[in-house]
Amino acid sequence: MEKTETLAEHRPPGTTLEPQRFLINERYVNLIVISTDQFRQRPQHELIQTGEKHEECLNKIQTGLERISSKKLFRWSHQSQCVPHAVMVSGVPGIGKTTLMQKFVYDWVTGKHYQIFAFVFFFRFRDLNRLGLVNLEEMILHQYPHLEGQIGDILQHPERLLFIFDGLDESIYQMDFISSKLSNPKYRTHFGEILNNLVRQSLLNGCSVLITSRPTRLASVDTGVFQRIAEIMGFLHEDRLIYFNNFFGNKELSKRAFHYVQENDTLYTFCYIPSYCWIICTVLSMCFRAQPTNSDQLMTLLPKTVTQLFVTFVSNILANHSQNKDGGHTAQKLLTSVGWMAEHGVMNHMIVFDERHLESFNLRNDKHLFSSFMVESGQSPDVDYTFLHLTLQEFFAALVHFINYSPDKLQETLDKAESYKDGRAEILLRFLCGLSDSSTRSMLKPHVGELSTKAARDVITWIHRKDGKPKEHKRALLNVFYYLHESRNKALVSRCITSKEVDIIDVPLTPLDCSVLSYILQSCRETEEVHLNSCKIQSEGLRKLIPALHTIKNLILYDNHLTDSSCPHLASGIRNNQTLRTLNLSENNLEGPHFSDLMAALTTSRIEELQLPYNHLTDSSCSHLAIGIRKNQTLRTLNLSENNLEGPHFSDLMAVLTTSQIEEIQLNRNKLTDNSCPYLASGIRNNQTLRILYLSLNILEGPHFSDLMAALTTSRIEELHLDNNHLTDSSCPHLASGIRNNQTLRTLNLSYNVLEGPNFSDLMAALTTSQIEDLQLDNNRLTESSCPHLASGIRNNQTLRTLNLSENNLEGSHFSDLMAALTTSRIEDLLLGGNNLTDNSCPHLASGIKNNQTLRRLDLSGNNLEGPHFSDLMAALTTSRIEELQLLNINLTDSSCLLLASGIRNNQTLKTLDLSENNLEGPHFRDLMASLTTSRIEELHLAGNHLTDSSCPHLASGIRNNQTLRILYLSGNNLEGPHFSDLLAALTTSRIEELQ
């Protein structure tokens, strides 16, 4: 009871005062404990990674995240679907693992929970390390000697026993919890084997075991033996304030301190860790005690970065030490020894030191200064030492390079620290960068003398070499930003970040990350474009970024879990902003009452392109959108696709379109129906700026579709997308009226509708007087009966350049009509893939291209052209002007190679030939390759043609002296064999630049 009822707080550093003690019930602040199993990969420093997870937890607390109080640790686990007997509790250093265990035992002692346990045995791994070979009874009696006469009886009831082991990461034994052989409690072995078997229940079957550890140790442990795995995430926001109130004991002072920390993202973020709270509160109390004459002087004393926090912390310790005049080593010598030992620990995952380490690093246990940094435990001669906090250890590991400078040692440390994939030295690197700032170092000068400016220069050079260019791993770029942020060197930021684009795609960003990024962007005016796609920024992180928006032109924030509550922050960023031109907010969830704030701010911004697809916007947002664009004179592109704008308020949006300067609006997949057509019509009727209108994937078929088409005649639209709109043959007269006399429309996409029918002729008739250059009619169920209508439409049309008829069914006798009309058209790009065309269509195709002087690209993929008439098509190829021919998957065999050879042998225009997914392997393949030497082909696709090793000599002969071929695709064949070397040898004299 006595051991658990009070909490001890470290004595004020650098003083001789005793540690303060408080009743645990009065001082204990609740911690977030959650279920987890994420121990496998730790690519970052555990403090940084847990900080990110902590932010995720804060966002999930209100939505049912499974929190586990200490009284629930041994209750039913959804994770393992049982009542656990082995529980692992993980947490970074200083987050409260030991304190949580103390509270657990205290609540058991006072009868609040777990009265099923008759005995709770508490062990620290640090103490167990000193034991030699012991059995279970001896291990217990070493800690609880008063139980000697009862131990035999106690172990007879294992179901009433709980064993707590605190600090697995401090164990000298590597326990993997895999082997399980021990069942005799009297068998002597090392304690690790005993623990292993307690957990696996081969020893004292039915007992319960609770273990704590840092996350880093668990990466090498078989955590599958634990029925519950929990992680301590630290304090919630409100818990931090409670801690500050408890520490200062003065509401006015705690409020003042807490407000300062809240305004500093770096300090506030790390306050989720109780021991960090203690360090921060200690430093702030020191600053307030200094009694500065004015607020400006106080602000210079208060830390702004983590490095400055620890510099201030250590400076105050050294200041108190010099007042005590306690003799012994000078502060400089002591910090040198402490620093080298600290670095050895950081690099080797070591946080517990003993007398041997002190001797090795010439370190003496000075009664005052040494004990201000280190915590001593155990009884002589078995004494262990740890730093007050792991981060203090990391700070001293960096500081030593500025006290005891050696260029070789510093470079070795930088190289080694950067090489660790587990991020163990990440904080150390940040401290090195922070100490490169002269004003930060100056606080230590009165106590340790001048710190090395050469070390600072070396660190700055190291940062500069890393620069801000895109990295293979985006996290590495973010780390560079942290180095620059700690350095507080804006000139260095400008020198390092020279790219106009910052790209941190797919890296989850915490609010602190966003604050650091904001500092970087504000320090470097060269950056114009920032890509933060899929970074899970959310509202709070966005708020941190806002000050930087005035320095960049293009901001991409799609897929960031932004909600309606983010809109006021976005609004403040773009309101009166004179630099931002592109804002991409795709794939968020901005629907809600605050969306109006964003739209109101749009009126005074200079944004030219706004992307809002996939934002769950509804009809009710249309009024806000209308407000935003009504008076805006800069917006040119607005993407509202993949929302749900159908409804009565859609008319508000369309009404303001007439006075806006918008040139392109995308309304794809908005559940718009025929009822929206009158509103669309009013929006485009006399609009003089709109050039591109996307209406794909809606359902516009119906009586009001005619209104939209009527309005088209007076609009200035150049590109209209109506694909996937359930349009039928009955819509063709309306389409015809819309395009007949329209002189601006250049592109019309009608793909994926069902236009086959008697009225299709109206559409084709109107085509002759239109100015359309690109017509997309693929996937319209057109049959050969539509070919005469298509022919009449293109025969004398002088504007049409691209005609897509793919995935219809045009095979038949009337296909010849279409091909005949091709000879007098101006079409350059004809797509006929997937039309069930056979060898019988080849003579018609031949007549169409034979003397055509405009056709440049012909796609015949996915048909079935193999046969005797294929020769007609190849013969016509020699006189055509075709530059690209797609013959992918048309069932060609080796026998077609002779015909292909004749088609390309003397052709001087063909540049791209795709023969993929056929079956060209055979003796005639060599004819095709022989003709390659005299062709002008630059790109040849032969993927998936069942070619074997025997084809390699033919391939070699084709490419050996060819002077035009640049790209060759051979994937999906089987070229392995003795002749493959012929192909490789030929490559050396070819001009091929890309080979697959």
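Quick rundown of the values:
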read-out: Ordering of 383-392, 169-178 by burial proxy (mean other Cβ atoms within 10 Å per residue, highest first); value: 383-392, 169-178
read-out: The range 753-802: GluC sites (Glu not before Pro) in DSSP coil with no more than 13 other Cβ atoms inside 10 Å; value: none
read-out: 222 nm mean residue ellipticity, helices alone, for the chain (DSSP H n ≥ 4; -39,500 (n - 2.57); rounded to 500); value: -11000 deg cm²/dmol
read-out: The range 323-466 - charge dipole about Cα centre, Lys and Arg +1 at Cβ, Asp and Glu -1, debye rounded to 20; value: 580 debye
read-out: The range 694-835: projected area of the alpha-carbon convex hull, averaged over directions, in nm²; value: 7.1 nm²
read-out: Extension reserve of the R575-T634 stretch, reckoned as 0.36 nm per residue once the Cα distance is removed; value: 19.9 nm
read-out: Globularity ratio of the chain, using Cα Rg and 2.2 N^0.38 Å; value: 1.24
read-out: Difference of contour (0.36 nm per residue) and Cα-Cα distance, K255 to T934; value: 236.0 nm
read-out: Whole-Å distance, taken between Cα centres, linking the range 133-179 and the range 495-522; value: 50 Å
read-out: FRET efficiency, N348 to R289 (Cβ-Cβ, R0 35 Å, nearest 0.05); value: 0.40
read-out: Long-range HN-HN contacts of F119 with modeled amide H, under 5 Å; value: L162
read-out: Gyration tensor (alpha-carbon) shape descriptor, the range 323-466, a/c threshold 1.5; value: oblate
read-out: Calculated SAXS-style log₁₀ I(q)/I(0) at q = 0.27 Å⁻¹ - the range 585-662, Debye, Cα scatterers; value: -1.53
read-out: Over 19 Å (Cα to Cα) - which of K466/K500; K421/K536; K304/K474; K421/K454; K490/K536 fall in this group; value: K421/K536; K304/K474; K421/K454; K490/K536
read-out: Lys/Arg +1, Asp/Glu -1 at C-beta; the range 323-466 dipole; positive extreme among Y405, G339, V352; value: Y405
read-out: Where labels lie 7 Å past Cα in the beta-carbon direction, separation of Y173 and N840 in nm; value: 8.5 nm
read-out: Förster radius 30 Å - calculated FRET efficiency between T604 and A491 (Cβ-Cβ, nearest 0.05); value: 0.35
read-out: For the chain, with +1 on Lys and Arg beta carbons and -1 on Asp and Glu, the positive-most of L610, F396, L161 along the dipole; value: F396
read-out: V383 long-range amide H proximity, modeled H, under 5 Å; value: E355
read-out: Dipole of the chain, positive end: most advanced residue of L653, T799, L995 [Cβ charges, Cα centre]; value: L653
read-out: Distance (nanometres) between label positions extended 7 Å along Cα→Cβ at T689 and H550; value: 2.6 nm
read-out: Nearest-20 debye value, the range 840-959 charge dipole, Cβ charges on Lys, Arg, Asp, Glu; value: 500 debye
read-out: Anisotropy class of the range 810-934 from Cα gyration tensor, a/c 1.5 cut; value: oblate
read-out: Distance between the range 370-442 and the range 606-654 - C-alpha centres, whole angstrom; value: 54 Å
read-out: Within the chain: Cβ-based charge dipole about Cα centre, in debye rounded to nearest 20 (Lys, Arg +1; Asp, Glu -1); value: 3180 debye
read-out: Net lengthening on full extension, K474/T98 (0.36 nm per residue, minus Cα-Cα); value: 131.8 nm
read-out: Estimated FRET transfer efficiency (A765, T823; beta-carbon r; R0 30 Å; 0.05); value: 0.90
read-out: Of all DSSP beta bridges in the chain, antiparallel share, percent nearest 5; value: 20 percent
read-out: Gyration tensor verdict on the range 209-268 (Cα atoms; rounded if a/c is under 1.5, prolate if a/b is larger than b/c, oblate otherwise); value: prolate
read-out: Virtual paramagnetic centre 7 Å along Cα→Cβ of T879, amide N under 20 Å, in the range 796-828; value: 816-828
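FYI, it's all coordinate maths here, none of it is from the lab. This structure is a prediction, so every number in the text was calculated from the model and none was measured. Please note: Cβ atoms are built from the backbone with ideal geometry, for glycine as well, and neighbour counts cover all protein chains shown.
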